[in-house]
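The values are calculated or read from the model by the stated rules, or taken from the named source; none is laboratory data. None of the values given here were measured: they were computed from a predicted structure. No Cβ is skipped: glycine too gets one built from the backbone with ideal geometry, and neighbour counts run over all protein chains shown. The area values use the complete protein model at the heavy-atom level, side chains included, leaving out ligands, DNA and RNA. Shrake-Rupley method; radii C 1.70, N 1.55, O 1.52, S 1.80 Å.
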Amino acid sequence: MEHPKTYRVQINGIVQGVGFRPFVYGLANRFKINGWVRNTSGGVDIEVSGPKDILDQFIICLENEAPPLAHIDSIRFEEIEFDHFNSFQILHSRAVEGGFQPISPDVSICEDCLRELFDPSDRRYRYPFINCTNCGPRFTIIKDIPYDRPKTTMAGFSLCPSCQKEYNNPLDRRFHAQPVACPTCGPQVWLEFAEKNKTEPAAGEDAAVQETRELLAGGKIVAIKGLGGFHLACDGSNSAAVQRLRDRKGRPDKPMAVMMPNLDTIREHCLLSKKEASLLTSFQRPILLLEKKSGSTLPKEIAPGQNTLGVMLPYTPLHYLLFSQMDHFPDSRYSVLVMTSANFSGNPILTDNQEVRDFLKNIADAFLFHDRDIHIHCDDTVTRIPSKLADEITGSYPSRRSRGYAPHPIKLPQNSSSILGVGGELKNTFCLTKEDYGFLSQHIGDLKNFETLTSFERSITHFEGLFRITPELITYDLHPDYLSTRYALDRGTNTGIPTIPIQHHHAHIASCLADNLYHGEEPVIGIAFDGIGYGENGLIWGGEFLVADFHRFTRAGQLLNFPLPGGDKAIREPWRMALSVLHTLGLPWEQENSAVKHAFSLENQIPGVSPLDVLSNQLNTGTNAPLTSSMGRLFDAISALLGVRQVITYEGQAAIELEALANPDEEGVYAYEITPENILDPSLMIQNILEDQKNGLSIPTISGRFHNSISEMVLDISVRLREEYQLNRVALSGGVWQNMTLMNKTFKKLNSANFKIFIHQQVPANDGGLALGQAAIGQKHLQV
């Protein structure tokens with residue numbers, strides 16, 4: 001008989017807080033082998049003894065049968081000196097110098113806990129914090145690794161004997177579930193009214209949840225504490241309540257997300273594919289952008305000017321309770337809740353009870369609080385599945401990557417010393433690398449004020465500590481006035497860490513390549529379309545054709561430059577961009593044009609000052625009118641020329657509303673020119689648009705033709721660059737590519753021309769993915 005062997009096994013990946021040790025314990029019992037397993041700050045270590053063939057089967061099963069939330073990146077094992085273990089044990093965690101391991105994101109309640117939540121015989125019946133190793137908070141409560149209860153925000157809740165017994169039992173699904181709790185020993189919820197002179201609500205969790213339901217059904221606005229921050233909630237079927245929330249929050253137009261209790265309710269209001277249903281019910285539970293049914297009865301106030309809805313399913317026990325009455329789910333007087341992040345425009349979501357009392361007292365009628373602290377904020381993820389590309393991609397198409405995904409690492413095509421990419425200004429995220437992992441942060445917000453900057457700095461410190469990373473290089477955007485740029489330069493000066501600037505659109509293309517784990521040495525044709533990005537020549541870029549890899553880029557084509565009269569003001573007021581385009585092309589400002597009419601309507605705002613005269617002077621002299629090649633600004637100009645949107649209240653509104661009006665069946669294409677220098681000249685296109693408008697063609701027809709024309713332009717110049725540079729790969733990145741009409745049409749054309757196309761599938765095409773590209777370029781910089 002063969003002498004037994006001993007294996008030492010090291011496992012890396014998301015293997016803590018996901019039931020991995022009890023899984024190993026059960027597996028060892030099944031194979032009747034002895035040894036031990038333990039968490040370390042570098043992953044999970046195992047030593048086992050037994051017959052070689054049994055140990056080999058054990059190793060195979062470790063990977064093939066891992067718990068659903070586990071994500072194994074590597075399993076290494078070796079034979080060591082034989083050790084005759086008497087049993088199989090789970091040992092205490094051990095810190096490893098320099099060790100690190102990925103952290104599980106927060107995940108939705110599992111089916112087992114959901115069953116118990118509505119089981120009157122269960123001791124956690126209707127308990128808002130029910131969880132186990134397969135579900136619940138992770139990232140937002142972790143202070144440090146190894147992931148043990150004393151290093152989470154649950155440290156202050158001592159386990160009762162019943163919970164302690166489950167926590168200690170390796171065969172229980174709550175074994176070492178760090179947030180484990182029950183009504184006896186765990187966090188509690190309570191309700192407070194914003195008006196202090198109101199009668200206080202009834203005591204007790206059931207009463208607090210029930211009264212919250214009554215308030216929502218009665219048209220009130222309630223701030224509700226969740227996993228990664230607060231939501232502002234109201235009855236989504238009550239148009240007056242939705243408008244009241246908009247008025248109080250100062251958010252006149254930007255779409256708000258809704259939560260529906262189940263897929264059947266979603267199908268009443270939205271078109272839903274199998275792939276979309278699968279993503280909605282996944283443990284990530286993102287907000288998914290769905291096409292709204294024409295017969296939906298939901299009020300237009302939820303998403304003005306849109307033909308899509310941002311929809312999510314409940315993902316915490318508390319959410320399910322808000323849709324339920326006792327042991328019935330769903331059973332509520334409302335079937336849709338608006339659930340919008342409780343923050344101020346561009347700022348991080350609020351997480352602290354007292355801050356919410358102070359800042360939301362004039363918005364919310366009441367607050368549903370709990371006493372489990374949120375260590376790090378984490379907004380909801382927003383994504384979509386492009387209907388016409390569903391079979392072409394394996395992931396989804398995110399516009400905000402946060403809860404359910406962050407801080408799950410992105411595997412990088414390169415392995416280097418650690419880099420910190422600090423991102424841009426809008427939709428900021430940052431990225432830290434270690435080995436071939438890219439730890440992209442949760443959504444931070446728009447880096448335009450002290451509060452967001454503080455959150456940005458705090459989150460960087462948290463990630464560096466959590467993943468044991470000390471960056472050896474900091475990469476930042478070329479724009480000198482971004483707060484992220486100033487942070488990078490200040491930190492580099494104070495610490496001696498080298499810093500390098502990365503051109504905005506180069507970072508976009510590198511982000512798309514890293515997103516697709518591109519290992520090729522050959523550069524690609526990078527098409528970066530967005531709003532604004534600081535160019536190497538000091539101008540504002542945004543309609544760029546690059547020949548790029550992770551190391552360098554060449555600007556091989558661009559959209560024709562137009563002045564941006566008033567600078568940032570032209571971004572907020574698209575009518576300015578419309579008149580700028582007409583002026584540049586030598587076209588008259590005719591009084592019947594929508595943008596001109598809007599300018600005339602402003603005549604009385606400042607007595608004696610004509611907005612048209614001021615704008616004309618800026619354009620003629622170049623004063624406060626920097627040049628831009630931004631494709632986003634061209635979309636704004638067309639939107640204003642057609643009378644769709646003259647002034648915006650949120651980023652990209654003019655282009656978004658123009659897309660929403662586009663006729664999907666329109667096949668017409670406008671004429672355009674491409675110069676020998678690969679400059680896209682839209683002069684003929686704009687003249688034809690104005691002619692169609694004069695001839696009474698509908699806005700949907702014109703918008704459809706405009707989108708067709710841009711996609712045709714992209715194809716033409718891509719073919720030119722393929723012939724010039726002998727390249728066949730195209731990467732599409734930048735915020736304009738969130739336009740699904742443009743994306744679908746362009747993808748189809750490029751695909752028909754036999755291009756290999758890369759699009760985003762893990763990180764946003766907008767500036768929320770910029771930091772990943774900065775970090776990937778930084779990695780290459782250290783290798784060269």
Q) What are the pairs, 6+ residues apart or on separate chains, where a residue within region 76-93 that is surrounded by 10 or more Cβ atoms within 10 Å (Cβ to Cβ) has its Cβ under 7 Å from a residue that is of a type in the set (Asp, Glu) and not in a strand (DSSP E or B)? A) Ser93/Asp148
(Q) As an exercise: evaluate Glu544 against (1) over 28 Å from the mean Cα position of the chain (by Cα); (2) open to solvent by less than 10 Å² (accessible area, probe 1.4 Å); (3) charged (D, E, K, R) and give the number of the one condition it does not meet. (A) (1)
Q: Looking only at region 147-169, count how many residues are out of contact with any Asp or Glu (no Cβ under 7 Å at 6 or more places or on another chain), of a type outside the set (Phe, Trp, Tyr) and in contact (Cβ under 8 Å) with a residue 40 or more places away in the chain.
A: 3
Q) Out of all the residues in region 382-398, which are in contact with a strand residue (DSSP E or B) (Cβ under 9 Å, 6 or more places away or on another chain), open to solvent by less than 10 Å² (accessible area, probe 1.4 Å) and not in a loop (DSSP other than H, G, I, E, B)? A) Thr383
Q.
Regarding region 371-381, can at least one residue be identified that is crowded, with 17+ Cβ neighbours inside 10 Å and not in a loop (DSSP other than H, G, I, E, B)?
A. no
Q: Determine which single condition Lys275 fails, assuming it passes every other condition in (1) over 22 Å from the mean Cα position of the chain (by Cα); (2) open to solvent by 50 Å² or more (accessible area, probe 1.4 Å).
A: (1)
(Q) Take the conditions in contact (Cβ under 8 Å) with a residue 24 or more places away in the chain, over 24 Å from Ser74 (Cα atoms) and open to solvent by 40 Å² or more (accessible area, probe 1.4 Å) and apply them to His408. Does it pass? (A) no
Q) Hey, Leu517 hits all of (1) open to solvent by 20 Å² or more (accessible area, probe 1.4 Å); (2) hydrophobic (A, V, I, L, M, F, W, C); (3) under 19 Å from His760 (Cα atoms); (4) more than 21 Å from the chain's Cα centre (by Cα) but one; which does it fall short on? A) (4)
Q | Scope region 512-534; condition under 20 Å from Ile656 (Cβ atoms) and either part of a helix (DSSP H, G or I) or not aliphatic (A, V, I, L, M) (or both); matching residues | A | Phe529, Asp530, Gly531, Gly533
**Q.** Residue count for region 456-489, restricted to those that are of a type in the set (Phe, Trp, Tyr), in contact (Cβ under 8 Å) with a residue 60 or more places away in the chain and part of a loop (DSSP other than H, G, I, E, B)
**A.** 1
Q: For residues that are touching a strand residue (DSSP E or B) at 6+ places or on another chain (Cβ under 8 Å) and open to solvent by less than 20 Å² (accessible area, probe 1.4 Å), scanning just region 634-673, find the one that is farthest from Asp253 (Cα to Cα).
A: Leu634
(Q) Only one of Ser511, Ser484 is under 24 Å from Gly13 (Cα atoms) and either touching a helix residue (DSSP H, G or I) at 6+ places or on another chain (Cβ under 7 Å) or modelled with pLDDT of 95 or more (or both). Can you tell me which? (A) Ser511
Q: Considering each of Pro299, Pro286, Pro304, Pro252 in turn, give the residue that is farther than 19 Å from Leu368 by Cβ and open to solvent by 60 Å² or more (accessible area, probe 1.4 Å).
A: Pro252
Q) So which of Leu227, Leu216 ends up being in contact with a strand residue (DSSP E or B) (Cβ under 7 Å, 6 or more places away or on another chain) and open to solvent by less than 60 Å² (accessible area, probe 1.4 Å)? A) Leu216
Q: Provide a single number: the residues in region 695-748 that are farther than 26 Å from Gly533 by Cβ and either of a type in the set (Ser, Thr, Tyr) or free of Cβ contacts under 8 Å to residues at least 12 places away in the same chain (or both).
A: 7
(Q) Among the listed residues Phe430, Phe367, identify the single one that is in contact (Cβ under 8 Å) with a residue 60 or more places away in the chain, over 23 Å from Lys143 (Cβ atoms) and open to solvent by less than 40 Å² (accessible area, probe 1.4 Å). (A) Phe367
Q. Here are some residues: Cys135, Cys185, Cys163. Which one is surrounded by fewer than 18 Cβ atoms within 10 Å (Cβ to Cβ), at pLDDT 90 or above and more than 27 Å from Ile363 (Cα to Cα)?
A. Cys185
Q. Taking region 434-458 as the region of interest, how many residues are touching a Gly at 6+ places or on another chain (Cβ under 6 Å) and open to solvent by less than 10 Å² (accessible area, probe 1.4 Å)?
A. 2
Q. Has region 693-712 got any residue that is of a type in the set (Gly, Ala, Ser), open to solvent by 10 Å² or more (accessible area, probe 1.4 Å) and not in a loop (DSSP other than H, G, I, E, B)?
A. no
(Q) Every residue in region 585-608 that is touching a residue at least 24 places away in the same chain (Cβ under 8 Å) and under 27 Å from Val714 (Cα atoms), please. (A) Leu585, Leu587
Q: Please tell me if Gly668 is of a type outside the set (A, V, I, L, M), within 21 Å of Lys748 (Cα to Cα) and in contact with a Ser or Thr (Cβ under 8 Å, 6 or more places away or on another chain).
A: yes
Q. Given the conditions (1) open to solvent by 20 Å² or more (accessible area, probe 1.4 Å); (2) in a loop (DSSP other than H, G, I, E, B); (3) not charged (D, E, K, R), which single one is not true for Pro150?
A. (2)
Q | Residue ID - nearest to the chain's Cα centre (by Cα), chosen from residues in region 597-633 that are among the small types (Gly, Ala, Ser) and open to solvent by less than 60 Å² (accessible area, probe 1.4 Å) | A | Gly632
Q: Name the residue, out of Asp144, Asp122, that is free of Cβ contacts under 8 Å to residues at least 40 places away in the same chain, surrounded by 13 or more Cβ atoms within 10 Å (Cβ to Cβ) and assigned to a loop (DSSP other than H, G, I, E, B).
A: Asp122
Q: Output the helices (runs of 4 or more DSSP H) that fall wholly within region 177-291 and possess 2 or more residues being in contact (Cβ under 8 Å) with a residue 12 or more places away in the chain and under 22 Å from Gly136 (Cα atoms), or say none.
A: 205-217, 274-280
Q) Does any residue in region 766-784 that is open to solvent by 20 Å² or more (accessible area, probe 1.4 Å) come within less than 8 Å, Cβ to Cβ, of a residue that is part of a helix (DSSP H, G or I) and modelled with pLDDT of 95 or more six or more places away or on a different chain, and which pairs are these? A) Asp767/Gly735
(Q) Please pick out the residue among Ser341, Ser332 that is closer than 15 Å to Asn262 by Cβ and in contact (Cβ under 8 Å) with a residue 12 or more places away in the chain. (A) Ser332
**Q.** Residue in region 416-427 that is surrounded by the most Cβ atoms within 10 Å (Cβ to Cβ), counting only those that are at pLDDT 95 or above and part of a strand (DSSP E or B)
**A.** Gly421
